[in-house]
Amino acid sequence: MCPKKLAGNECRLAAAADVVIRQPKYITKSSLEFLMFSTCSSSCYGSKHLCKSGNLRVLKIQVYEYSNYRFCTKVIHWYGCTQKELDLSLQLRSLCRRRTHLVRQLRTIKNHIKSQLLYYGIKVPDEYDNPNWSHQMKTWLAAIEWKFTSAASAMKSRLKHLEFLWYEQLHISTELRAYCRKHYKKDYYLLKSVPGIGGITAAAILAELGDLRRFNRIDELAAIVGLVPGIYQSSDNRICLGLSKRSNYYIRSLLVEASWVAVRADMALQAYYRKHAAKEPNKAIIKVAHKLLSRIRAVIRSGVPYQSGLVK
């Protein structure tokens with residue numbers, strides 16, 4: 001089957017879905033019929049081309065267009081698991097990404113409210129000027145007297161949208177934690193034992209990275225997250241380009257934020273940060289994030305809760 005003959009509905013399905021291909025003995029007949037296409041040679045790839053030795057294979061197929069069709073696929077993670085484990089993982093990922101989308105929408109609507117206040121010259125009181133909006137802040141916003149009825153209507157609409165998104169985020173967060181406690185109880189509580197890792201961050205790690213036991217080396221896990229340097233090399237010239245652009249930005253940002261909490265809670269990580277933070281604090285926290293990721297992997301593989309390090 002050539003990509004040129006792919007139906008429009010199947011193109012949209014490929015663009016919208018996270019396509020995950022597993023070991024052939026766990027793939028159904030319908031899954032085998034859904035072939036992945038090479039964008040360079042326009043040749044088909046079935047399961048026999050994907051199933052190679054090793055625990056993890058990541059194939060990236062770029063987006064390209066031919067005539068009126070768009071062929072788009074996501075990153076394919078291949079590793080052995082049962083159909084039940086696959087279904088649980090996809091459901092958890094769906095919940096986690098829905099919460100991420102709600103958080104972005106909340107940030108957007110808050111910026112819209114602040115921009116309207118700034119446009120009409122209304123200053124936010126100092127006690128309310130913080131990222132976490134309290135009930136008193138919402139009450140103050142609702143009590144503002146506007147000169148124009150259109151401005152009052154716009155603010156009223158935005159406050160309704162804000163309230164809806166806030167309750168949706170709260171509901172999804174509760175469901176996310178309950179889902180992890182039900183289906184990933186052991187790994188969930190092991191992750192929460194690590195300093196800086198809360199319920200939402202633990203759920204995100206389980207959703208985006210799956211079972212960390214499949215990573216035999218920390219370098220493999222760090223490469224997936226993106227806590228490795230990008231290297232440009234030509235002949236004897238070798239240039240470090242900083243953090244790699246090929247990464248899971250969501251997990252990497254969560255780990256960096258978790259590292260700022262971890263350096264305050266764990267004395268060993270704090271000593272490590274101070275050792276490297278003299279000249280470049282921002283680069284030092286990346287080193288701490290890499291070390292924190294290594295400890296997360298060790299906790300999951302050993303099954304022993306995290307124990308804070310001691311400084312002699």
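The values are calculated or read from the model by the stated rules, or taken from the named source; none is laboratory data. Source: prediction; values computed, not measured. Here Cβ is always computed from backbone atoms with ideal geometry, including for glycine, and neighbour counts include all displayed protein chains.
One table, with the values for the structure above:
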| quantity | calculated |
| --- | --- |
| Region 100-138: number of residues that are under 29 Å from the mean Cα position of the chain (by Cα), assigned to a loop (DSSP other than H, G, I, E, B) and surrounded by 12 or more Cβ atoms within 10 Å (Cβ to Cβ) | 1 |
| Condition broken by L50, with the remaining ones in (1) at pLDDT 90 or above; (2) surrounded by 13 or more Cβ atoms within 10 Å (Cβ to Cβ) satisfied | (1) |
| Any hit, region 191-206, residues being in contact with a Leu (Cβ under 8 Å, 6 or more places away or on another chain) and of a type in the set (D, E, K, R) | no |
| Subset of region 131-176 (residues that are of a type in the set (V, I, T) and out of contact with any helix residue (DSSP H, G or I) (no Cβ under 8 Å at 6 or more places or on another chain)) | T139, T149, T174 |
| Restricting region 197-228 to residues that are part of a helix (DSSP H, G or I) and of a type in the set (D, E), the residue that is surrounded by the fewest Cβ atoms within 10 Å (Cβ to Cβ) | D219 |
| Pair list, Cβ < 8 Å and 6+ apart or interchain, from region 122-134 residues that are in the same structural domain as E163 (by TED's automatic domain parsing) to residues that are in a loop (DSSP other than H, G, I, E, B) | I122/I144; Y128/S134 |
| Residue, surrounded by the most Cβ atoms within 10 Å (Cβ to Cβ), within region 152-196, restricted to residues that are in contact (Cβ under 8 Å) with a residue 60 or more places away in the chain and among the β-branched types (V, I, T) | V194 |
| Test: residue in region 293-308 that is over 19 Å from G199 (Cα atoms), in contact with an Asp or Glu (Cβ under 7 Å, 6 or more places away or on another chain) and not assigned by TED's automatic domain parsing to the domain that holds L206 | no |
| Residue within region 139-148 that is part of a helix (DSSP H, G or I) and surrounded by 15 or more Cβ atoms within 10 Å (Cβ to Cβ) present | yes |
| L141 being of a type outside the set (G, A, S) and within 22 Å of the chain's Cα centre (by Cα) | no |
